[in-house]
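To start, the structure itself, in structure tokens.
The values are calculated or read from the model by the stated rules, or taken from the named source; none is laboratory data. Only a predicted model underlies this, so the values are computations on that prediction, with no experimental measurement involved. When we count neighbours, we look across all protein chains shown, and the Cβ atoms used for this are built from the backbone with ideal geometry, even at glycine.
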Amino acid sequence: MSLSIPAPLEAELDELVTRYPQKRSASLMFLHTLQEHFGYVSPEAVEWTAAKLGLAPINVFELVTFYPMFRQEPLGKTHIKVCRTLSCALAGASDLRKHFCEKLGLDAKAHVPQTTPDGNFTVEFVECLAACGSAPVVLVNDTLCEKVDGAKADSILAEGKSSGAQLRATGSVSK
């Protein structure tokens, strides 16, 4: 096991355990904290968590694979979430996701999050992003982009490729 946990992070996790009647009850919070720090939950993080909480690794792995908020691989620097719920689906979300995937050389038929080999982009379908009136919508990192068409998608990709780009709340991008 080659996971290096910084001392302040380990202290934070040790303190978390004290909030629960049993160590194992802190499992989800451990995983959230480790994912927040490392960006995803690696197999080493699963094993470390299990050892720390006195559990079998399978007990922790079950949590990671059951709950969709845990990622087992790092995300790209630009995380593109395409809403697939009814309003967005009717407004062309499938074609939009296909557009992103084709432009990035990803498999448009895969139904899992995909990251480009260079680690710059991750594209995935997600459930409702709560902006049905301006479908189709895309969440790029933490910025909601509304009424996204092919041209706007291309703009998002172009700016995501340039270093230091920040998406503005309007759904356009600037440096």
With respect to Ser87, determine if the residue is in contact with a helix residue (DSSP H, G or I) (Cβ under 6 Å, 6 or more places away or on another chain) and small (Gly, Ala, Ser). yes
With the range 1-65 as the region, which helices (runs of 4 or more DSSP H) entirely inside it contain at least 2 residues that are over 22 Å from the mean Cα position of the chain (by Cα)? 7-17, 43-53
Residues of the range 93-143 satisfying the condition of being touching a residue at least 60 places away in the same chain (Cβ under 8 Å) and in a loop (DSSP other than H, G, I, E, B): Asn141
Residue satisfying all of: in the range 66-82; in a loop (DSSP other than H, G, I, E, B) and in contact with a Phe, Trp or Tyr (Cβ under 9 Å, 6 or more places away or on another chain); farthest from Lys161 (Cα to Cα) among these: Phe70
Given (1) among the small types (Gly, Ala, Ser); (2) within 25 Å of Glu159 (Cα to Cα); (3) not assigned by TED's automatic domain parsing to the domain that holds Leu129, where does Ala26 come up short, assuming only one miss? (2)
Any hit, the range 40-61, residues being surrounded by fewer than 17 Cβ atoms within 10 Å (Cβ to Cβ) and modelled with pLDDT under 95: yes
Hey, can you tell me all the residues within the range 84-142 that are closer than 22 Å to Tyr67 by Cα and small (Gly, Ala, Ser)? Ala110, Ala130
